[in-house]
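What follows is calculated from the coordinates using simple rules that are stated; it is not laboratory data. Since we're looking at a predicted model, the values are computed, not measured. Cβ placement follows ideal geometry from the backbone for every residue including glycine, while neighbour counts extend to all protein chains displayed.
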Amino acid sequence: MNHIERQKRIEAELVDLMPALRNFARRFHTSPNDIDDLVQETLLKALSNLEKFEEGTRLKSWLFTIMRNSFCTKFGLAKRERVGIDANAAERPSVPPAQDWGMRGHELENAIGRLPERYRTAIDLIFIQGISYETAADRCSCPVGTMKSRVNRARLQLTRELE
């Protein structure tokens, strides 16, 4: 498959994934305008970095990562911005270093990677892909209660490991 065919295929898949991106953006914002802005920013970054997408990986996961990182970056900047000028710089609130969030993110990724496969799948389906417990249970061929139990056990294990 040549470069142009690959790009057209990925762009078509991007369009198909827009509803999933909107649903995922609702985890970060409640305002429809903010949701649209986050989806648009995600798509813009994805299109401008299409050559970095690795064939054989899931485009949806790649887009969700871009969206999460975009939100975290914007959220961190918004926390630091202040309207107006402070009279005294010493009165300004301190800002925790951004690398702490990055390190915690890596710790979380590593901890999720160490989960048993069934728990890791449950976390991926429910929290990363944002699908319902019912749909996740159907995909895993198990009862809804089992899926909820797996998510709960995964949460408990992650909490124990990360605290």
In Hz, Karplus ³J(HN,Hα) per residue of the stretch 135-147 (6.51, -1.76, 1.60; θ = phi - 60°; x = Gly, Pro): 5, 4, 4, 4, 5, 9, 6, 9, x, 4, x, 5, 4
Approximate shape of the stretch 99-163 as ellipsoid semi-axes (Cα gyration tensor, √5λ), whole Å, largest first: 23, 12, 9
Positive-end extreme of charge dipole, the stretch 100-163 - chosen from SER132, ASN110, LEU162 (charges on Cβ): SER132
Counted charge near ARG22, where neighbours are those whose Cβ lies closer than 12 Å (Asp, Glu -1; Lys, Arg +1): -1
At q = 0.20, 0.27 Å⁻¹, base-10 log of I(q)/I(0) for the stretch 1-79 (Debye sum, equal scatterers on each alpha carbon): -0.85, -1.38
Contour excess over end-to-end distance, with Cα ends at ASN69 and LEU44 and 0.36 nm allotted per residue: 7.6 nm
